[in-house]
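Participant: Take a look at this one; I'll ask things after.
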Amino acid sequence: MLAILCAGMFLVLLDVTIVNVALPGIGRALDTGLPGLQGVVDGYAVAIAGLLLGAGALGDRIGHRRMTLIGFGLFGLASLACGAAAGAGPLIAARAVQGAGAALLLPGGLALITAAYPGRAEQARALGVW
């Protein structure tokens, strides 16, 4: 289970890095300028920042495992939509959905790790790996 949760964290962090590195190519491919590229970055950042706390509370209500799975699914579908986006507008929308998926994925993963590893030392080790 820890490996899967680590993969989720890796995807969320890798996505941010890849997009920032690829911004010049995205701008050329979609024929968009700085405002469009800023939207690509901000669509994700605003969604994850705005939804992260609420997603953690929602996970407390409906279950963190369910929230993590929904987050994985939403993030994956949004990633496909990002790859298929033909313009800046659809890409920004898909990035916002990706951020929402990440917001569901992260607090659920943290809660699952703390529940799966009840001992302080093993929990600290698992969180360090995550």
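Participant: How about segment 1-48: which of its residues are of a type in the set (G, A, S) and either more than 13 Å from R95 (Cα to Cα) or modelled with pLDDT under 90 (or both)?
Facilitator: From segment 1-48, those of a type in the set (G, A, S) are 3, 7-8, 22, 25, 27, 29, 33, 36, 39, 43, 45, 47; that's our starting set.
The answer is A3, A7, G8, A22, G25, G27, A29, G33.
Participant: How many residues are closer than 12 Å to S79 by Cα and of a type in the set (S, T, N, Q) when one looks only at segment 90-119?
Facilitator: 1
Participant: Quick check: is even one residue across segment 15-30 closer than 26 Å to Q123 by Cβ and touching a Gly at 6+ places or on another chain (Cβ under 9 Å)?
Facilitator: The answer is no; no qualifying residue exists.
Participant: Now, a different point. Residues that are aliphatic (A, V, I, L, M), open to solvent by 80 Å² or more (accessible area, probe 1.4 Å) and under 22 Å from M1 (Cα atoms): which helices (runs of 4 or more DSSP H) entirely in segment 12-122 hold 2 or more of them?
Facilitator: Correct list: 64-84.
Participant: Every residue in segment 55-79 that is without any contact (Cβ under 8 Å) to a residue 40 or more places away in the chain and within 24 Å of I92 (Cα to Cα), please.
Facilitator: Within segment 55-79, L69, I70, G73, L74, G76, L77, A78 meet the criteria.
Participant: Within segment 80-107, can you find the residues that are of a type outside the set (A, V, I, L, M) and over 12 Å from the mean Cα position of the chain (by Cα)?
Facilitator: Matches in segment 80-107: C82, G83, G87, G89, P90.
The values are calculated or read from the model by the stated rules, or taken from the named source; none is laboratory data. Everything numeric here is computed off the predicted structure, so don't read it as measured data. Positions of Cβ are backbone-derived with ideal geometry, glycine not excepted, and every protein chain shown enters the neighbour counts. Just so you know, the surface numbers come from the protein's heavy atoms only, side chains and all, with ligands and any DNA or RNA stripped out. Shrake-Rupley method; radii C 1.70, N 1.55, O 1.52, S 1.80 Å.
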